[in-house]
1. Multiply the residue separation of residue 187 and residue 206 by 0.36 nm, subtract the distance between their alpha-carbon atoms, and state the gained length in nm to one decimal.
2. Quick one: dipole size for segment 3-205, taken about the Cα centre, charges +1 on Lys/Arg Cβ and -1 on Asp/Glu Cβ, in debye to the nearest 20.
3. Compute the FRET efficiency between residue 13 and residue 163 as 1/(1 + (r/R0)^6), taking r as their Cβ-Cβ distance and R0 = 30 Å, and round to the nearest 0.05.
4. Give the residue list of trypsin sites (Lys or Arg not before Pro) in segment 62-132 that are DSSP loop and have at most 10 other beta-carbon atoms within 10 angstrom.
5. Along the charge dipole of segment 3-205, pointing to its positive end and built from +1/-1 on Cβ of Lys, Arg, Asp and Glu, which listed residue (150, 69, 162) has its Cα farthest out?
6. Using a 7 Å offset from Cα along Cα-Cβ at residue 33, what residues in segment 169-190 end up with backbone N under 19 Å from the label point?
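Just so it is clear, none of the values below were taken in a lab; they were calculated from the coordinates. Keep in mind it's a predicted model, so treat the numbers as computed, not measured. Reconstructed Cβ throughout: ideal geometry from the backbone, glycine too, with neighbour counts over all protein chains shown.
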Amino acid sequence: MSSAANNPVIDTNPDRLVAYFGYGSLVNRDTLSTDYVDARPVRLHGWRRCWRPRMRGDRIGAHLPTSLLSARKVPGSVIDGLLVFDRLSNLPSVDEREFTYDRIAVPYERLEVIDGQKTDCDVYVYEAQSNGASHDPEHPILQSYLDAVLQGFLREFGRRGVHGFLETTDGFERTVHTDRHDPVYPRAVRLAEEERQFFDAVLAEYGTRFV
């Protein structure tokens, strides 16, 4: 069940803006399915990314025991991501996409907007309802999902951003399931050859194991 019931929006004006912080696949604008208004690279203070086993009911890799990304509160941690500004009327669609996640309100002071602009709308982050990051070799990462995430970070933050993603994400001891040529992830993206070579080289540098 979506967490929208736990975080009701009082203002019912469908054109009112809300924002949500993407730290994984939502960083890649090609995976966004709503007619969002704007998006800006930002930093979120006090959260850290982690891989966690997908919950029962996740639509991604339904026939595989895979892992997905989440974010959890970690004092002193800072992660990069994309702040997506969207219409209130689109929020139920995003809640449905993230239906095994809780939508959590983010205090304004936790956000560092890289371009210096401020926001005065409600901001949320999606935290998985099962949010562990312990070593879990039985739940590999889908390469098609990881490709979408890395492409988003490359486009928004450059090559340094890809390294930063790897350095600020727990649980990378998991293996990566090589489904790039037959994607399981429903929002799989196309990679340029330069992107593919760069991602594979960086993951090899970090000791990623592929199965």
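1. 4.3 nm
2. So the magnitude is around 220 debye.
3. Plugging the Cβ-Cβ distance into 1/(1 + (r/R0)^6) gives 0.15.
4. 118
5. 69
6. Answer for this model: 183-190.
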